[in-house]
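Here's the structure, in structure tokens; my notes come after.
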Amino acid sequence: MLARHTVFNLKFLAKSLKKQSARCKKDSTKEVNDMKKAIKSGDTEIARIHASNAIRKKNEGVNLLRLSSRIDAAASRIDTAAKMQRVTTSMGRVVGEIDRALQKNMGLDKVSQIMDTFEG
């Protein structure tokens, strides 16, 4: 249960970072447009400031997207580990039941029934 909660929180965080990345890309585009306007009006100093802001926003967006991807990968690994733990527990239980069935010389029907409960 704890793993599911952790995976949910990590995926939510990754999605939030993706949205922030998209916002940075939009801000970068706005800064580029402002830079173009400043160049057309002949104000090179303001154009440099806008260009610097555009580069910073673009890099920030890339870094946020990279972090989002890493967090999503970690969430996937945690989810896979939790699923494998559940399968291992289930397999251990089934093996124990099959072992008891074989020790009691139960027929193949009983062993088959136990396997059906595991697979179902």
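Values computed for the structure shown
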| quantity | calculated |
| --- | --- |
| Answer label for Cα Rg over 2.2 N^0.38 Å (calculated), chosen among (1) 1.50; (2) 1.62; (3) 2.08 | (3) |
| Cross-link pairs beyond the 22 Å C-alpha cut-off, checked among Lys83/Lys104; Lys19/Lys57; Lys83/Lys110; Lys11/Lys57; Lys15/Lys37; Lys30/Lys58 | Lys83/Lys104; Lys83/Lys110; Lys11/Lys57; Lys15/Lys37 |
| The stretch 52-66 - phi-based ³J(HN,Hα) in whole Hz, Karplus 6.51/-1.76/1.60, Gly and Pro as x | 4, 5, 5, 5, 4, 5, 5, 5, 4, x, 5, 5, 5, 5, 4 |
| Most to least accessible of Asp116, Asp109 (protein chains only, probe 1.4 Å) | Asp109, Asp116 |
| With every protein chain in place, the stretch 1-50: carbon and sulfur % of accessible area (1.4 Å) | 60 |
| Probe 1.4 Å, accessible area per residue of the chain, Å² | 77 |
| Cα centre as origin, Lys/Arg/Asp/Glu Cβ charges: the stretch 20-96 dipole, Debye | 220 |
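The values are calculated or read from the model by the stated rules, or taken from the named source; none is laboratory data. Worth saying up front: this structure is predicted, and the values here are computed from it rather than measured. Positions of Cβ are backbone-derived with ideal geometry, glycine not excepted, and every protein chain shown enters the neighbour counts. The protein model used for the area step is the full one, side chains on, heavy atoms only, and it has no ligands, DNA or RNA in it. Shrake-Rupley method; radii C 1.70, N 1.55, O 1.52, S 1.80 Å.
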